[in-house]
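To keep things clear, I will list the structure first and then write my remarks on it.
Only the coordinates and a few stated rules stand behind these numbers; no lab work does. Worth saying up front: this structure is predicted, and the values here are computed from it rather than measured. Positions of Cβ are generated from backbone atoms using ideal geometry, with glycine treated the same way; all protein chains shown enter the neighbour counts.
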Amino acid sequence: MSVESTSLRGCLSKMSVEPGDAGESARYTLRVGDHRLDLNARLGQSLSLSWTGAIACTHCGRATRKSFAQGYCYPCFKRLAQCDTCIMKPELCHYHQGTCREPEWGERHCFQPHVVYLANSSGLKVGITRGTQVPTRWLDQGAVQALPIIEVATRQQSGLVEVLFKDEVSDRTNWRVMLRGETDELDLAAERERLLARLTDGLGRLRERFGEEAIRVIDETPRRFDYPVLEYPTKVVSHNFDKQPDVSGTLMGVKGQYLMLDTGVINLRKFTGYEVAVI
């Protein structure tokens, strides 16, 4: 069942988001169990989320006292390939060593095209994502600009390319700057050319290792994104269900995976699997 209501109860999932049409803000939906709430329509209105104290693993559904890796119980965290270190650091992929936790999962998710991109969330950063996650990945990070620059054949290759770029540009987002809306516009196309010129030798070595077609520079146009925000906070105060189970205020905006209330902000992705009541 999928309903839209002002009285919901269930376990939180990552907010779904779609880019808006030209000149329009991204469209956000709060997901609470089987329920759905249009957050754009709630802007300027009161919103209350209360954690019941229960947490359910997003993979197996079992109750857990603590959430690991944004939504997993400890056994799943230790067993699943999607929770392994190489998900955060793809260059450390060990599939070829025969030690992948779930080889079939790895084949489905890691051995498919990935994109290395430049984005502007709180300044210039480099990142990677599966081709199927464009542009969702950028919206989840609160990027106001993004530009795919290289397409690779596997996740490991994307990590190796990203390592090269991290010598020149950060792979981090300053979430406080992102939420204050203080990000200056960048010329991502010019940054792409500058970085590709500096990394010619390193990219050449990766092509020698994996083949010319495995590491391809792509020529695309930078994309821009707007977010449903009535007013950005001048001082970012963070809510945390583990410290204060009741979070409420007037919804002033949504950006990345953050709700922006007049009382503070909360990263809902951090609390995936937490059972909440929403009013």
Original post:
Which of the trypsin sites (Lys or Arg not before Pro) found in segment 202-277 are loop residues per DSSP with 14 or fewer other Cβ atoms within 10 Å of their Cβ?
Top reply: Lys235, Lys243
Subject >> Per DSSP, loop GluC sites (Glu not before Pro) in segment 141-190 with at most 16 further Cβ within 10 Å >> reply: Glu168, Glu182, Glu185
Subject >> Among (i) 19.3; (ii) 20.1; (iii) 22.3, the entry that matches Kirkwood radius over Cα pairs in Å as calculated here >> reply: (ii)
**OP:** Rank His114, His96, His35 by mean-square fluctuation in a GNM of the chain with C-alpha springs under 10 angstrom and give only the top-ranked residue.
**Re:** His96
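Just in segment 56-88: which trypsin sites (Lys or Arg not before Pro) are loop by DSSP and have at most 10 other Cβ atoms within 10 Å?
Arg65, Lys66
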Original post:
Counting each DSSP H run of 4 or more residues in the chain as -39500 (n - 2.57), what helix-only mean residue ellipticity at 222 nm follows after dividing by all residues, to the nearest 500 deg cm²/dmol?
Top reply: -6000 deg cm²/dmol
Original post:
Which entries of Lys14/Lys270; Lys14/Lys89; Lys89/Lys255; Lys78/Lys125; Lys235/Lys255; Lys125/Lys166 show an alpha-carbon separation above 18 angstrom in the structure shown?
Top reply: Lys14/Lys89; Lys89/Lys255; Lys78/Lys125
**OP:** Would you mind working out the magnitude of the charge dipole of the chain relative to its Cα centre, with +1 at each Lys and Arg C-beta and -1 at each Asp and Glu C-beta, to the nearest 20 Debye?
**Re:** 1080
Original post:
Highest GNM mean-square fluctuation, the chain, Cα pairs closer than 10 Å: which of Gly127, Gly204, Gly159?
Top reply: Gly204
